[in-house]
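Report on the structure given below.
The values are calculated or read from the model by the stated rules, or taken from the named source; none is laboratory data. Fair warning: this is a prediction, and the values are worked out from it, not measured in the lab. Here the Cβ positions follow ideal geometry from the backbone for every residue, glycine too, while neighbour counts run over all protein chains shown. The accessibility values were calculated without ligands, DNA or RNA, using every heavy atom of the protein model including side chains. Shrake-Rupley method; radii C 1.70, N 1.55, O 1.52, S 1.80 Å.
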Amino acid sequence: MLDTTDAVAAGAPVLSVRDLGVRFWVGGEWFTAAENISYDVHPGEVLAIVGESGSGKSQSSMSLIGLLPANGRASGSAKLRGRELIGMPQSQMREVRGDDISIIFQEPMTALNPVYTVGYQIVETLRTHFDMGPSAAKERALELMRLVEIPDPEKRFSSFPHQLSGGQRQRIMIAQALACDPTLLIADEPTTALDVTVQAEILKLMRDLRERIDSGIILITHDMGVVADMADRIIVMRNGRVVEAGTSAEIFSDPQHPYTRQLLDSVPHLGANVRGGALGGVDLAAMSEDPDHTVVAADREAETAPLEVSLDSTDMLVHPGGESSDTGVPALRLRGASIEYPASGRQKAFRAAHRIDLGIGPGEVIGLVGESGSGKTTIGRAALGLLPVVEGSIEVVGTDITGLKNSQLRKHRRDVGIVFQDPGSSLNPRLPVGESIGEPLLLHENLKGKPLSDRVEALLDSVELPRSMRNRYPHELSGGQRQRIGIARALALKPKLLIADEPTSALDVSVQAKVLRLFSDLQAEYGFACLFISHDLAVVESVAARIAVMRHGHIVEVGPSSAVISAPLHPYTRRLLAAVPVPDPEEQRRRRETRDAMLEATAE
Amino acid sequence: MLTFLLRRFLSSALVLLVVSFVIYLLLDAAMDYYYDLRTSTSPNIAALYESRTRLLNLDTPVIVRYFLWLGGVGGCLIGSCDLGTAWQSGQEVTSMLPGAIGNTIKLVTAATIVSIVLGIGVGMISAIRQYTGFDYFITFVSFLLYSLPVFWVAVLLKQYGAIRFNNFLGDPAVGWTPIIVLTVFAGLFWMAALGGTAKRRLITFLVAAAATFATIYYILATGWFQSPSVGIVGVAVTGLAAAIVVVFLSTGLKNRRSLFSGLTVAVLGIALYIPLQWLFYYVPMNWFLVLGLAVVTVLVGLGVGLAFGGPDKWASARTGAIIAVIISVVVFFDRVFQEWGAYNRHPAINGRPVATIGASTPNIEGSFWFLNLDTFTHLLLPSIALILISFATYTRYTRGSMLEVMNQDYIRTARAKGLGERTVIMRHALRNALLPLASIIPVDIITLIGGAVITETIFGWNGMGKMFIDAMNRNELEPVMAYILITGILAMVANLVADFLYAVLDPRIRVQA
Amino acid sequence: MSTPLNTHDTPEAHGDGENSSIELKETEGLSQSAIVWRKFIRHTGAIVGFTVLGLVALLAFTSQGVGPIPGWWIHGHQASNPVINPSGAPTWTLANPFEPGPHPFGQDDIGRDNFARVMKGTQISIMVMLIIGAISMVIGTVVGALAGFYRGWLDAALMRITDGFIILPTIVVGAILGKLVSNSNAVMLGVALGAILWTGLARLVRGEFLALREREFVDSARVAGASDFRIMFKHMLPNALGVVIVNTTLLMSQAIVLETALSFLGFGIRSPEVSLGALINEYQTAFSTRPWLFWWPGLFIIVIALCINFIGDGLRDANDPRQKKIPSQRQMDRAAKREAEAPAAGGIRGDAATHPNTAEPGPRPTEE
């Protein structure tokens, strides 16, 4: 135990945690979620707690302010400027919460009360801790909203949470957390639910704030890129224990613990396969000056004039070599295809993709990248015939499926497989996984009994799972295992085209690395063409030969991976690339400067 | 918003139209128009059959008869209603309706309001004390209430609530055992409901038990049952208690301005008690005056709250208004109960005040207060029977909804902000938990109207339900169709009100529509 | 210099490296239905309800016999017997609880045995309840499934039909249908009432299907080539089974109350047939003279309905993944103390990480 009597002295840690443990009482037994956790947080410092799901990183932080679920208990010691937090009576703890320690939660969607205006919710925090009239509190709240760069705060003050975008809601959360100048700020996965460009803005905001306020910050995250961007010091947690602690530079450049090394190795590194890294082929200075426009160099052979592209341009820019090669029957061919979600009840039909031109050659893997709502999943669903193409045409493995009915589609579906994002939801929870894998075989090839069983076992072998797993139910498997089952099922009929819809985004990073490797191996073995949909540029870069970028329902850019990553044409692609944090503090600092310059130029 | 409501209205009107058609066909098949002739040995039986057929127009195909009926209903839109005639009594259905509708609405409204208030309160506490003795107790009670057949309870109520209770009122003497049981039960109930540490529970238990015992003792010792009244002491006690409880729940006792304005309103109410008695004495009362006084009361409450000023003057004003309303209700009932002695001695009552039959004592006359007392004694038992049905629904629903909300992220956020438990529950949880209740209320009102069929029959309450059952027994189609029409319209209105409430309360819907 | 704290804790070389996490241990070898079953049998109320209901049904069906098979009770429900006690009071008294006597529940004014009548009434009420439950379940499930799966105009049409049922109190429609089938037997009454009580279930099943429809395994099955029928009944229905069972159970408690109420009003089971409601109707005027005739059938209605409500509650809790029993603070304090004395009794490390999210938070410790 450290001596804490003079903890209030200058330079002393604001928070000093010793032997913190968290346990949960489940089914008549105590289960340990975290133990032996010790760390200090100094004023103005960002301490990142890194770990994969189930590492106890969140629960140990929640225990600091007594917000564990009712069956949780904390032990050990955590002193906030010398005041013991563990075991503090509720009435005192209430004064600490929001005033001395405040929290930014992960889901800005659900963390704000839907029936009160955001302004009211900030004012409420202020008036709980300060003796303040409503008008004074409103003034302060507006000031805070300006601090977190909410546009038009006077108007937003009386907006309800659902009227704001995800990024704005998270800004409100931050404003609320900063309301009482907390000594300690806990940010629990503050950007995980956000799109990458919004994440970049929020991270920038947090970094700016950190220079202006004197709080210690605990950043809880699983994303090494975010850590590289923000952290001064890092502790790595695994299974409820701290496995390694050190400064950011130490952890990233010289990790000691094998787990840390494995973790760092698993993170896909954007621009790893490209000389000069991401955006390496772009004149950064010119880009910072006018980020909303790019000048696409003239095509020398066709001798066209240089083309100026603005951020909102919906034209598709094609890199040299961006078209699919013409050999053989294309696995997927969209010609000017527009795709709609059909009207349902009072909701009107919604057009999610506009005049898409895209071809996938046989055996080719193409990555489709975009932020949420960009329409990338829509294209995947249309290729499966789950959504109608209302304009243009769509061809799957040589057959035009535009306007085909469900019953007519059935025999074409054996050429297409799909791997979904959420492995928990894509397997029927009431069927043993073996039956799930065998279903396409049963329905299309009418296999039964022994032959079916043999095929299922062969498929399990190929995704490197033990055969005995076929009788398990999905909830008995881990996320990674479930996703392997999903892949096995998709490959059961040896499809010529595989749609992989965010297949790894629900997985922990070390699992993701393994699944991606398996995917590449299988692709080489089976030789299917693949539309690989993801929001994560780094993942796509690691698997795809070509990349198509989507924005607001339009494909804005398509080309070979290396070209798109290193020399993107469309301003949006550039912005996207600049926003991805890379797990390397030095490189990330350089990239950040570029990006900040870009964002500043936009703001003006 | 308006178009949304209009569309809802039109679609339910269409549904009602189709339902009325189907029911008409079913009814026509179910009704036995010749039931009294079947056993007849009259020599001119054929002629009787024929005249019945002509009377009821049975030669005409049923579909045509439906449209004739519908034409009569359509007449209501232009001011000349014709809902047909009940053929046995020869009464016009339109002349039967107004009284029946009024009586049923009286019954259902009273039951709805009481069970909503009680149900939400108890359900909320049950959710907050999840998995405690109190929660288990309430769960058991609500399941028991779900399982109780209304008709059985109603007969029991008649026996014990009226006949035996009236006997008891004639000679109110209570043994020690029930007093002790009641005292201990009250103590345990409040202890379990309020919870807290062992010490706090013990204090709650003792205070609640003592208060219950004192109340029972006071009632018995003063012969309260012979002349029940609240009196100025009662008004003072309930007024001050209401002030403290309401302030605690709405703004917290730490808000001094709010507390002072609440207490001021209470004191004002007590001070006005005597002058009001004079007013009631000299001015003959009617419902318009009561309404006027209620408005004045609310304004006074608001005014006091505003007068105390401060940053949260509207919160104080709201608190003041709620307290003012509670006190005025107490004063109103106090005045009604002052008639008790005269009512009890009235020859038509003859010392048996709790009524079992009808909506009012026939041919009784008296002041506004006297007649109200008469209505209340008649309302008492059927209302209890109905409340028992829907109280359980509201309790369970509030509990479930509250548990759901307490699980939400924004409740965690509210706690992380450092808000007190009272604020978290009353401001953040309750408001959200009550939203889905708006969709339960119309369903429950329809259930209550159905329950009223039974209670009205048993308690001889001349409402819609009794009209329905009588007409069914007498094979009269027209009154039944009128019942279907009116109930359907009530259900439609209840649904529209619920939609409207929902839209007003939930900003997410408000903006979209 | 960074500090590795416990280097012996190397990452696993095999599998996904996440086998040490928890979900596995929580559910080890348990299918979803096994979990539901385990939670159900731990629900005291449900088990007591189940047992009591079973005993009541057993008593009712064996004592009076079913169809041609005679029961063991000496009296039939219609036969008049000589009145034993004054005014036919029960021969089974608290003073002598082990000797029920020939008329344990008493006799009515013409000497019929009340026990036999109540048992026969229980039999018929339970039968009607089961018929109502079965018919409502089938109609409600099919309508709900079709509406939720196909949406569009079919959904709109089916939902307008349920609206039509919902704007009128069930007892009113029940009375009209009861009058319509008044000349036939209890089975017809059950069928008629079953045809009106399904609406609530249909709405819930529809809601469930609308939600399931968005789940990826449905798309996954479609891509695998499954027909609509197969998707609906092989893939979606098993996942909606919880909703169906729970609500059919709760609906049956509604059903018995409805049937008895209708019989009481004279639009359900009528004399000479008996049901619990019809018995109360017949004897309500006799309350002051022969209260036992009124108490016993009422008691049986309550017991049956209460049991079913508890079973339904147990099933609902068991089916709700969020429902986890949270121990009281006192229990946890005691457990913590116990463990402090015997520190070896630790649980599996890291296991709790998944629990806090699935567990329903109990009340916060109240503030002192």
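Using Cα atoms only, what is the angle between the long axis of helix A:449-462 and the major principal axis of chain A, expressed in degrees (0 to 90) to the nearest 10?
On a 0 to 90 degree scale, this one is about 60.
Compute the signed sum of charges (Lys and Arg +1, Asp and Glu -1) over the other residues within less than 13 Å, Cβ to Cβ, of A:G392.
-1
I'd like the per residue volume of the convex hull spanned by the Cα atoms of region B:389-506, given in cubic angstrom.
108
How do B:233-246, B:273-286 rank on mean C-beta neighbours within 10 Å, highest first?
Ranking, from highest mean packing down: B:233-246, B:273-286.
Give the average over all directions of the projected area of the C-alpha convex hull of region C:146-187, one decimal, in nm².
4.0
On a 0 to 90° scale, report how tilted helix B:464-473 is relative to the longest principal axis of chain B, with both axes built from alpha carbons and the result rounded to the nearest 10.
Tilt of helix B:464-473: around 30 degrees.
Please give the FRET efficiency for C:R213 paired with B:S11, using the beta carbon to beta carbon distance and R0 = 22 Å, rounded to the nearest 0.05.
For R0 = 22 Å, the calculated efficiency reads 0.40.
Choose one of B:T109, B:A214, B:T487: the residue whose Cα lies farthest towards the positive end of the charge dipole of the protein assembly as shown (beta-carbon charges +1 Lys, Arg; -1 Asp, Glu; about the Cα centre).
Going by the Cα projections, it comes out as B:A214.
When DSSP assigns beta bridges and you keep just the ones with both residues in the protein assembly as shown, what percent turn out antiparallel, to the nearest 5?
60
With everything on Cα atoms, drop me the angle between helix B:256-271 and the longest principal axis of chain B, reported from 0 to 90° to the nearest 10.
Helix B:256-271 sits at roughly 60 degrees to that axis.
Return the whole-Å distance between the Cα centroid of region B:399-475 and the Cα centroid of region A:362-433.
45
Give the accessible area for C:E282 in Å² (nearest 10); use a 1.4 Å probe, count only protein heavy atoms, and leave out ligands, DNA and RNA.
Estimated to the nearest 10 Å², C:E282 gives 70 Å².
Where does region B:160-230 land on the Kirkwood hydrodynamic radius, alpha-carbon pairs, in angstrom?
After inverting the mean inverse Cα-Cα distance, the result is 13.5 Å.
Kindly flag which residue pairs out of A:K514/C:K39; A:K448/A:K496; A:K405/A:K496; A:K79/A:K204; A:K494/A:K514; B:K254/B:K313 have an alpha-carbon separation exceeding 25 Å in this structure.
A:K514/C:K39; A:K79/A:K204
To the nearest 20 debye, what charge dipole does chain B have about its Cα centre, counting +1 at the Cβ of each Lys and Arg and -1 at the Cβ of each Asp and Glu?
In total the dipole reaches around 2200 debye.
For region A:120-275, what's the relative contact order in percent, using C-alpha pairs closer than 8 Å and at least 6 residues apart?
RCO, region A:120-275: 15 percent.
Of all accessible surface on region B:172-214 at a 1.4 Å probe, what whole percent is carbon and sulfur?
Summing carbon and sulfur atoms, their accessible area is 83 percent of the total for region B:172-214.
For region C:147-244, report the accessible area per residue in Å² (1.4 Å probe, heavy atoms, rounded to an integer).
In whole numbers, region C:147-244 has 35 Å² accessible per residue.
What spacing in nm lies between the two simple spin-label points modelled at B:T53 and B:V497, each 7 Å away from Cα in the Cβ direction?
4.8
Which percent of the accessible area of region C:49-171 is formed by carbon and sulfur heavy atoms (probe 1.4 angstrom)?
About 76 percent, which is the carbon plus sulfur part of the accessible surface.
Report the charge-dipole magnitude of the protein assembly as shown in Debye, nearest 20, computed about the Cα centre from +1 at each Lys and Arg Cβ and -1 at each Asp and Glu Cβ.
Result for the protein assembly as shown is approximately 3800 debye, rounded to the nearest 20.
On the full set of protein chains, 1.4 Å probe, figure out the accessible area of A:D461 and give it in Å² to the nearest 10.
Result for A:D461: roughly 70 Å² accessible.
Give me the distance in nm between label points sitting 7 Å out from Cα along the Cα-to-Cβ direction at A:E391 and B:V62, one decimal.
5.5
List the cysteines of the protein assembly as shown that have no other Cys Cβ closer than 4.7 Å: which are they?
A:C180, A:C530, C:C307, each lacking another Cys Cβ under 4.7 Å.
What does the accessible area per residue of chain A come to in Å², with a 1.4 Å probe and no ligands, DNA or RNA counted?
37
Taking 25 °C and 0.890 mPa s as the conditions, I'd like the Stokes-Einstein D for region A:500-570 in µm²/s, using the Kirkwood hydrodynamic radius from alpha carbon pairs.
Using the Kirkwood radius from Cα pairs, D works out to 188 µm²/s.
For region B:398-509, what is the charge dipole size about the Cα centre, in debye to the nearest 20, if Lys and Arg each add +1 at the Cβ and Asp and Glu each add -1 at the Cβ?
In debye, rounded to 20, region B:398-509 gives about 740.
Give the separation of the Cα centroids, region C:200-277 to region B:24-68, in Å.
What the calculation gives is 40 Å, centre to centre.
Given a 1.4 Å probe, show me the residues in region A:472-487 buried by at least 40 Å² of accessible surface when comparing the whole protein assembly to the chain alone.
A:H475, A:E476, A:S478
Once R0 is set to 41 Å, what does the formula 1/(1 + (r/R0)^6) return for the Cβ-Cβ distance between A:S310 and B:K254, expressed as a FRET efficiency to the nearest 0.05?
It comes out at approximately 0.10.
State the Kirkwood hydrodynamic radius of region A:23-79 in Å, one decimal place, computed from all pairs of distinct Cα atoms.
12.5
Roughly how many whole Å is it from the C-alpha centroid of region A:439-485 to that of region A:107-154?
53
Mind ordering B:417-426, A:557-566, A:78-87 by average Cβ neighbours within 10 Å, highest first?
A:557-566, B:417-426, A:78-87
Per residue, what accessible area does region B:193-282 have, given a 1.4 Å probe and all protein chains present, in Å²?
For region B:193-282, the solvent-accessible area averages 58 Å² per residue.
Any idea of the total accessible area buried by the C-A contact, 1.4 Å probe, rounded to 100 Å²?
The summed interface area works out to 6500 Å².
Note the buried accessible area between B and C here, summed over both chains, with a 1.4 Å probe, in Å² to the nearest 100.
Using a 1.4 Å probe, the pair buries roughly 4700 Å².
Can you give the helix-only mean residue ellipticity at 222 nm for chain B, where every DSSP H stretch with n ≥ 4 adds -39500 (n - 2.57) and the sum goes over all residues, rounded to the nearest 500 deg cm²/dmol?
-25000 deg cm²/dmol, from helical runs alone.
Probe radius 1.4 Å, ligands and nucleic acids left out: can you give me the accessible area buried at the B-A interface, summed over both chains, in Å² to the nearest hundred?
Chains B and A together bury approximately 2500 Å².
Rg to Rh ratio, region B:204-278, alpha-carbon atoms and Kirkwood radius?
1.06
Percent of Cα-Cα pairs per 10 Å bin, from 0 to the last occupied bin, for chain B, please list those.
With 10 Å bins starting at 0, P(r) equals 3, 13, 23, 26, 18, 10, 4, 1, 0, 0.
List the pair-distance distribution P(r) of region B:203-327, using every Cα-Cα distance, as the percent of pairs falling in each 10 Å bin from 0 up to the bin containing the longest distance, rounded to whole percents.
Final binned percentages: 13, 34, 31, 19, 3.
Would you work out what percent of the accessible area of region C:177-290, with all protein chains in place, is carbon or sulfur (probe 1.4 Å)?
56
List every residue whose amide H lies under 5 Å from the amide H of C:R112, counting only residues 5 or more places away in sequence or on a different chain, with H placed 1.01 Å from N in the peptide plane.
Counting only residues 5 or more places away or on other chains, the set is C:N81.
At q = 0.05, 0.06, 0.07, 0.08 Å⁻¹, what is the log10 ratio I(q)/I(0) for the protein assembly as shown, with the Debye formula run over Cα points and no solvent?
-0.50, -0.72, -0.96, -1.21
Given H placed on each backbone N at 1.01 Å, which residues far from A:E244 in sequence or on other chains put an amide H within less than 5 Å of it?
Here the answer is A:V236, C:L5, since their amide H atoms fall under 5 Å of that of A:E244.
Please report, in whole Å, how far the alpha carbons of chain A spread along each principal axis, starting with the longest.
Projected onto its principal axes, the Cα set of chain A covers 77, 64, 54 Å.
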